Every structure is written in C-alpha cells, then in structure tokens.
Amino acid sequence: MVNKNPAWTRKDLLGLQELTRDEIELLLKTAESFKEVISREVKKVPTLRGKTVVNLFYEPSTRTRVSFEVAAKRLSADVINIAIESSSVRKGETLIDTGKNIEALKVDIIVMRHNCSGAAVMLAKNLHASIINAGDGWHEHPTQALLDMFTLKEKLGVIEGLKVSIVGDIAHSRVARSNIWGLTKLGAHVTVCAPPMLIPTGIEKTGVSVTSSIDEALKDADAVNVLRMQFERDTENAFPKQLEYFKNFGITAERLKKAKKNILVMHPGPINRGVEVSSDVADGPNSVILEQVTNGIAVRMAALFLVSQANEHILKKNTGVKAKNEKVLVK
Ligand code: CP
C-alpha cells in the first residue's frame, strides 16, 4: 500500500513540539481542503468509511469533543463517545488497560483528553491504534493551536512574520505551549504576557518575548490570543483575584483603542467574561472566536485523515512482515 502523504508518517498526533515545519504546514494545507468540504451543502466525504473513532475524555470539554465527533462524522467514520463517569475507569481500571480494551474492540483512532501531562504519549507507546491528543494536563493541545494558526492564516494570509501575543495563564496552559511551538516554527513573533506568577521560568528559551505589560503586548500585535484563567487548577493560590486580573490584564474596548485597528481577538474557550476579556470585545468586530470553533472541524478532519492514512500504511507493512515470518516457521 502506498502512503499518499509520505510527508506524514506518524500514526499519532501528540503535540506540536515534535513536528517539523513541513508537517505543520501539511496539516494546515489538508485542513484547507476539508474547510471547502464543510462549506458544501452536503458536508460529508467517504474518506474514513469503515473506520471507528473513540472520544475518550477524562476532563470536561464542549468544543474539542463535539468538534472531533463532527469531524469524524463528516469523514463517514463511526464515532463512539465514552462517558468516563459511567465507565470502568470509576472501578479503578488503568489508562493502558482501558486503551487496550478499546483497541480490542477494533477501534482505529482514540482521541483522548487527560488531566496528566504525558498521558497521550504513554497511550500511543502502548497501542497500535492512532492516538490524537485532545489536551494533556499543562503539556499540549495540538489541534487547538492548529485551528488557531489556521484562523490566523485564513484571516491574515500568512503566519511568517506575524506578531502574535498570548495573554493570560501561560503557566498552566497547554494551549499556550502548543501555540508557542507551532507559531515559532512557522516564523511568527510570539510575545507572552501575564502576571509574573503565571509565567513559567525559562519560557524565553522557546524563542518568545515576555512581558507583564498588557499595553506592550497589544502594541503592534496582529493578533492577541486570550487564554482562559484556569481557576479549577488553583491548588496553591497561584492566581490573582479575578477583578484585579481584569483590571490589569483584561482585554477591553478601551485597551484595544491603543492596538492595531484590525487586531484579531482570539480565545480557545470557554470564556470567563469580565475576567480575561470584556463581553463587548468577545462579541465585537475584532473577535474571531466563533470562527476558530468552526475551523476546528476542518483541522480535526485533517488530523484524523493523516494519522489514519499513515497508520494503515504502518499496520499493513507490519502485517506483511509478520506473515512472511509465519511462513518461515511453518516450513
Ligand atoms: N478549547 C477547548 O479545548 O475547549 P473545550 O475545553 O470546550 O474542549
């Protein structure tokens, strides 16, 4: 079997740190074709007919889970959503046992969100099925960063040379990490902005500029990606009070007056209105937040398609080798 996309040979999509610029560009280009598909009257293609995708979410999600489900259905795959609350995970089953049992049910792709950084990598090492990381702890959320980059490219034409500021809880944010890896590989200038307590030590080594001044972050920026304050992860009282945060870092119409007129306001969602962004900005003319959500479908179709195609190639190759060995043993 010939892999029609030799530029993509990975069975999994685990993070953007490990991808090359070419691989990221291939994902974005493939998503462009699928954006055209989801804009048609009949928004469905038979690309993954006969394949099964399982959504395995150990953390809450609205956008990512539904988006993967819609993406898989648009590709004609069968989709199963596992509700962790009513699964055997509650009886103490380990992640790998859960994964192996799902694989034994002849599932081709597992889309997983987990609260532990590295969970997706661990599952990928233990299964033949493809794993797509839908967010692991503070580590990575690759399809979110890809849909962010897709939206930037769609709106502004290029990513190379863009000035993108990421504002908010950088320390706890897998969205920030994936965006930093992806945007810097594609030649954007990234600035991260947060109170000092929410900026991880050594972040500048990834090639980003760092500031705690929101005005500096907004000045000259082509886009601002506003992160959600993750109050549910505040185990050590690391967060400033909400009102204080909004006063010093909130994206408001007043602050945007000092930015580029057409600055794009992005947010991965869910939004804390009046904490990281005011409602008039979130719903205003600079906001592309809901377009990001729509683009998520095309990006996830691309991810499902590429890993499926590469894994089919890998599995067929391995099966061929095994069959040859078995023949030798029979002799
Ligand atoms: N952006 C994002 O991951 O949203 P959900 O948590 O709703 O999936």
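Quick rundown of the values:
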| read-out | value |
| --- | --- |
| Matching residues, segment 38-97, being open to solvent by 50 Å² or more (accessible area, probe 1.4 Å), within 16 Å of the ligand (Cβ to nearest atom) and out of contact with any strand residue (DSSP E or B) (no Cβ under 8 Å at 6 or more places or on another chain) | PRO60, THR62, ARG63, VAL66, ALA83 |
| Among residues of segment 89-118, those that are among the small types (Gly, Ala, Ser) and closer than 18 Å to GLU59 by Cβ, counted | 3 |
| Unmet criterion (only one of (1) under 24 Å from PRO60 (Cα atoms); (2) away from the ligand (no atom under 16 Å from the Cβ); (3) among the hydroxyl-bearing types (Ser, Thr, Tyr)) for SER165 | (1) |
| Residue list for segment 107-131, filter: part of a strand (DSSP E or B) and more than 13 Å from the ligand (Cβ to nearest atom) | ILE109, ILE110, SER130, ILE131 |
| Selection from segment 176-189 of residues that are surrounded by fewer than 24 Cβ atoms within 10 Å (Cβ to Cβ) and touching a helix residue (DSSP H, G or I) at 6+ places or on another chain (Cβ under 7 Å) | THR184, LYS185, LEU186 |
| Segment 190-236 - residue that is aliphatic (A, V, I, L, M) and part of a loop (DSSP other than H, G, I, E, B) and, of those, most open to solvent (accessible area, probe 1.4 Å) | ILE199 |
| Flag if LYS317 is among the basic types (Lys, Arg) and either at pLDDT below 95 or open to solvent by less than 50 Å² (accessible area, probe 1.4 Å) (or both) | yes |
| Any hit, segment 248-265, residues being modelled with pLDDT of 95 or more, open to solvent by 40 Å² or more (accessible area, probe 1.4 Å), in the same structural domain as VAL164 (by TED's automatic domain parsing) and touching a Ser or Thr at 6+ places or on another chain (Cβ under 7 Å) | yes |
| Tally of residues being within 18 Å of VAL70 (Cα to Cα) and either free of Cβ contacts under 8 Å to residues at least 40 places away in the same chain or outside the structural domain of ARG49 (by TED's automatic domain parsing) (or both) across segment 80-137 | 4 |
| Enumeration of residues in segment 288-314 that are open to solvent by 20 Å² or more (accessible area, probe 1.4 Å), within 16 Å of the ligand (Cβ to nearest atom) and either in contact with a Leu (Cβ under 7 Å, 6 or more places away or on another chain) or farther than 15 Å from ALA71 by Cα (or both) | LEU290, GLU291 |
| Residues satisfying the stated conditions in segment 259-286, i.e. closer than 19 Å to LYS247 by Cβ and among the charged types (D, E, K, R) | ARG273, GLU276, ASP280 |
| Positions within segment 15-29 being out of contact with any Lys or Arg (no Cβ under 7 Å at 6 or more places or on another chain) and open to solvent by 20 Å² or more (accessible area, probe 1.4 Å), in sequence order | GLN17, GLU18, THR20, ASP22, GLU25, LEU26, LYS29 |
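The values are calculated or read from the model by the stated rules, or taken from the named source; none is laboratory data. Predicted model, so just to flag it, every value in this text is computed and none were measured. Please note: Cβ atoms are built from the backbone with ideal geometry, for glycine as well, and neighbour counts cover all protein chains shown. SASA here: full protein model, heavy atoms, side chains in, ligands and nucleic acids out. Shrake-Rupley method; radii C 1.70, N 1.55, O 1.52, S 1.80 Å.
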